[in-house]
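What follows is a single structure, written as structure tokens, with notes after it.
The values are calculated or read from the model by the stated rules, or taken from the named source; none is laboratory data. These numbers come from a predicted model, not from an experiment. Neighbour counts are summed over all protein chains in view; Cβ atoms, including those assigned to glycine, are modelled from backbone coordinates with ideal geometry. Ligands, DNA and RNA are stripped out before the accessible areas are found, and what is left, the full protein with its side chains, is counted by its heavy atoms. Shrake-Rupley method; radii C 1.70, N 1.55, O 1.52, S 1.80 Å.
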Amino acid sequence: MKPTPNIEPMDMTAVKAAADAAARHIPPLWPLASSVAVNPFLGQTGETLAEAGARLGRVGAIPVTMPRAWYLDRIASGGITEQDLAEALSASPHAKGPADVQALKASAAEAKPSPRKPPTIADLAAENCGTDWPGLIADRIGVWAGGYFDQGQALWAAPHGRRAWATFRAHASHDLTPEIMGLKAFGTFVADAPQDPMAAIARAVFRLGLSEAALATYFHQLLLSLGGWAQYGRYELWRAELAGGTNTTLFDLLAIRLLWEEALFVQHEAAIRDQWAEIQVTHAAPIEVGDAEIVDAILQEAAERAAQSGLAETLAAPASQTLDDRPALQAAFCIDVRSEVFRRALEAVDPGIRTLGFAGFFGVFTEHRRFASDVRELHLPVLLNPTVSSSSGEPGDRDKDIAARYIARAKRAWGRFKLAAVSSFAFVEAMGPVYMAKLVRDALGLNQTHAPNDPAPRFDPALDLDTRIGAAETVLRAMSLTSGFARVVVLAGHGANVVNNPYASGLHCGACGGYSGEVNARLLARLFNDPEVRAGLAERGITVPEDTLFVGALHDTTTDTVTLYDRDVHALHHRSDLDKARQWLAAAGRVTRGERALRLPRAADEAEISARARDWSEIRPEWGLAGCKAFVAAPRTRTAGRSLGGRAFLHDYDWRQDAQNGFGVLELIMTAPVVVASWISLQYYGSTVAPDTFGSGNKMLHNVVGGIGVFEGNGGLLRAGLPWQSVHDGERYVHEPLRLSVCIEAPREAMSEILGRHADVRALFDNRWLHLFAMDDEGQLAFRYAGDLEWQPIALSAPARAMKAVA
């Protein structure tokens with residue numbers, strides 16, 4: 001390789017601005033221990049779907065909609081009607097586009113040109129010499145990054161405390177693989193690179209001849225080529241900024257990827273110079289939305305309007321009658337779409353049962369330490385910071401805590417002994433037969449799995465009385481639960497109980513940061529049962545009867561069993577109530593499992609559902625949130641007795657109560673639960689329409705790396721997003737990729753004011769990453785948000801009008 005000349009870098013301000021802009025286009029990736037759904041289009045929410053399609057098409061040939069055949073099939077079957085197409089065409093925000101519906105259908109029938117991304121220098125070098133440089137770069141960066149980012153999986157951990165750029169240079173300067181494959185003197189080139197990664201980026205920009213206009217999309221393309229590693233760097237930046245700091249990992253990764261480009265350009269410059277000059281022109285050109293992107297966006301809008309018509313018909317159906325007597329049982333569940341099925345089943349068991357929907361962290365923004373653990377789990381939405389801390393067990397449990405720690409340490413030491421480089425061979429020879437019984441039990445699914453059963457959690461440090469009363473009042477008003485309390489009120493968080501599944505945390509509660517939600521539920525039950533808190537609530541206008549008992553619980557979404565943590569409370573006078581509640585919950589679980597069995601492959605009836613949680617070969621223990629398409633914030637009477645098919649987030653909300661307090665609850669719903677739900681919806685959307693980029697591939701080929709993510713195979717890029725098996729059953733899509741329809745029963749003026757105060761949330765609706773509807777006083781979809789704080793009245797379809805007439 002040629003010696004490095006003394007080059008004067010480009011203006012640092014322009015380079016840093018372009019690097020920062022590219023970083024903002026990358027979605028974050030949370031580690032497996034606390035995996036949460038992330039909107040893969042997070043960096044494009046300031047653009048429309050067509051504009052995002054044009055951008056992502058240039059930098060990665062990434063589709064943002066389904067193949068046109070998918071829409072044509074629905075048009076042919078009547079699933080998308082002429083009216084849906086006409087309305088979508090009329091609502092298009094782009095001046096260009098088909099002239100009418102017939103022109104739209106003709107365009108949809110035409111073959112869409114496949115997006116082509118401009119080659120990187122690694123691509124050009126590979127074409128020139130026949131070596132797969134993009135694949136080799138992915139492999140070598142993956143080998144280094146797996147050690148650098150490791151969170152405890154590796155037996156021989158890489159040293160920590162240094163920047164990614166410095167550790168990569170130390171690693172790559174001794175890695176002979178690139179030189180063996182033909183990249184001459186690469187180790188020397190790396191060792192001679194600037195110590196400041198920004199200076200290295202600026203040097204590469206100058207050497208490659210890049211103009212300032214070309215930097216943004218070129219940097220974005222390079223970061224995308226790093227797959228999940230760039231997304232994990234974005235996570236590090238996200239967490240740092242949330243805490244008021246910053247992080248340079250993602251910029252170090254950009255410098256690393258540019259270093260490879262620069263080294264390959266030096267060696268292959270003579271052969272690729274002309275092609276590279278053309279590619280620079282492409283990157284420097286403004287991104288323009290073409291006819292193909294506009295047609296695709298209109299077709300997607302039409303599919304969503306068709307689904308919204310079906311939702312309107314469901315909401316217009318006759319409502320079930322509700323009793324005014326004191327409820328026999330109240331049960332608050334997470335708004336998660338999986339709870340919709342269970343809530344419907346539970347209400348059908350006895351007409352006196354009432355259910356509520358609330359974000360699964362139950363308004364408790366806690367940083368929690370489990371029993372005998374030093375790990376601080378953030379049980380709250382990842383958009384926010386914790387406001388309290390908690391721990392499991394009482395101060396008097398110290399001896400038990402220490403004993404449990406000794407046992408855990410012994411297990412870890414034994415596990416490392418089994419896997420160590422030398423002892424592992426002798427271990428298999430000597431102890432293999434001893435594990436035969438365990439292997440048989442695991443293979444047959446005979447080992448029972450248990451719900452989390454730590455000692456009762458407590459706020460640590462304890463909260464003063466005024467803070468406890470204020471927190472209890474805030475949560476009860478946010479739940480619209482200020483009167484009509486039952487003798488037993490169950491607060492049910494949710495989690496999933498599965499084995500041999502790296503994505504287990506992704507099935508837990510997203511509002512609890514990827515952890516199960518029983519901790520938050522138990523903390524809140526303890527707060528509500530506090531006599532001093534109840535006395536304070538009464539002074540603030542919320543009277544909780546003396547005989548009302550709040551009980552924390554956990555809804556296992558894989559087996560649809562509910563565990564009551566009644567040992568946390570003094571329930572001497574509620575034993576019969578709790579026994580009856582267990583019977584009702586068990587009956588609802590059987591009904592729910594029966595409904596779920598209809599969708600799950602190889603599930604003949606409800607009895608087979610529970611076994612899937614213990615089967616280490618099961619790739620679809622449950623469908624998670626596949627199919628999600630709507631979010632409804634309204635009184636439960638608007639949706640009770642109507643089947644939403646486990647596809648809707650249901651949040652109880654009474655705007656008349658909220659209006660007395662300036663619509664604070666509405667603002668919280670629109671800026672937290674709605675945004676979390678949008679991340680979930682758009683992750684499923686992205687993993688369906690662009691599985692190669694925003695999905696993690698085939699679950700059967702996954703290998704966990706560093707405890708943070710998975711390889712598809714034994715190396716290469718870190719994969720992010722949902723596995724293919726989470727959105728497809730092997731024959732057809734299980735998830736229908738639709739942007740979420742948010743339906744709120746509240747005055748339009750109040751919603752517009754909130755959108756005006758929150759630009760990021762407004763962008764989601766203005767650019768139609770979410771659809772917003774205002775419901776009228778009868779619970780019908782009455783107005784559609786049209787963008788720019790404007791609303792349009794909705795004309796009910798003929799079936800919806802008929803349903804409303806019957807109601």
Which one of GLY43, GLY57 is within 21 Å of the chain's Cα centre (by Cα), small (Gly, Ala, Ser) and closer than 26 Å to ILE201 by Cβ? GLY43
Just one of (1) without any contact (Cβ under 8 Å) to a residue 40 or more places away in the chain; (2) surrounded by 17 or more Cβ atoms within 10 Å (Cβ to Cβ); (3) over 17 Å from the mean Cα position of the chain (by Cα) trips up TRP724, so point out which. (3)
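Show me the helices (runs of 4 or more DSSP H) entirely contained within the range 152-191 in which 2 or more residues are touching a Pro at 6+ places or on another chain (Cβ under 9 Å).
Ranges flagged: 164-172, 186-191.
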Name the pairs whose Cβ atoms lie under 8 Å apart, with the first residue in the range 47-76 and on the phi > 0 side of the Ramachandran plot, the second modelled with pLDDT under 95 and open to solvent by 30 Å² or more (accessible area, probe 1.4 Å), and 6 or more positions between them or separate chains? ALA61/SER114; ALA61/PRO115; ALA61/ARG116; ALA61/LYS117
In the range 646-677, what count of residues is obtained for those that are in contact (Cβ under 8 Å) with a residue 24 or more places away in the chain and outside any helix (DSSP H, G or I)? 12
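Picking from GLU778, GLU749, GLU745, which residue would you name as being more than 24 Å from GLU47 (Cα to Cα), acidic (Asp, Glu) and surrounded by 16 or more Cβ atoms within 10 Å (Cβ to Cβ)? Don't jump to the end; show me each part of the working.
On the way: GLU778 fails: surrounded by 16 or more Cβ atoms within 10 Å (Cβ to Cβ); GLU749 fails: surrounded by 16 or more Cβ atoms within 10 Å (Cβ to Cβ).
Answer to the selection: GLU745.
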Inside the range 5-83, counting only helices (runs of 4 or more DSSP H) that do not spill past its ends, which hold 1 or more residues that are under 30 Å from THR188 (Cβ atoms)? 12-24
Residue satisfying all of: in the range 335-344; open to solvent by 10 Å² or more (accessible area, probe 1.4 Å) and hydrophobic (A, V, I, L, M, F, W, C); farthest from the chain's Cα centre (by Cα) among these: VAL341
Are any residues in the range 676-690 over 12 Å from VAL36 (Cα atoms) and either more than 15 Å from the chain's Cα centre (by Cα) or among the β-branched types (Val, Ile, Thr) (or both), and if so, which ones? THR688, VAL689, ALA690
Quick one: in the range 147-164, which of the residues that are touching a residue at least 24 places away in the same chain (Cβ under 8 Å) and closer than 30 Å to ASP11 by Cα is surrounded by the most Cβ atoms within 10 Å (Cβ to Cβ)? ALA164
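Okay, residues lined up against (1) buried (at least 22 other Cβ atoms within 10 Å of the Cβ); (2) in contact with a His (Cβ under 7 Å, 6 or more places away or on another chain); (3) of a type in the set (Val, Ile, Thr):
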{"residue": "ALA37", "(1), (2), (3)": "yes, no, no"}
{"residue": "PHE41", "(1), (2), (3)": "yes, no, no"}
{"residue": "GLU51", "(1), (2), (3)": "no, no, no"}
{"residue": "VAL64", "(1), (2), (3)": "yes, no, yes"}
{"residue": "ASP73", "(1), (2), (3)": "no, no, no"}
Out of THR167, THR131, THR177, THR120, which single residue is open to solvent by less than 50 Å² (accessible area, probe 1.4 Å) and closer than 30 Å to ASP296 by Cα? THR120
Would you be able to say whether some residue in the range 503-511 is touching a residue at least 24 places away in the same chain (Cβ under 8 Å) and under 26 Å from PRO327 (Cβ atoms)? yes
If you take the residues in the range 351-392 that are in contact with a helix residue (DSSP H, G or I) (Cβ under 6 Å, 6 or more places away or on another chain) and farther than 21 Å from SER505 by Cβ, which one is surrounded by the most Cβ atoms within 10 Å (Cβ to Cβ)? THR355
Can you confirm whether THR563 is within 28 Å of the chain's Cα centre (by Cα), within 17 Å of GLN330 (Cα to Cα) and surrounded by fewer than 23 Cβ atoms within 10 Å (Cβ to Cβ)? yes
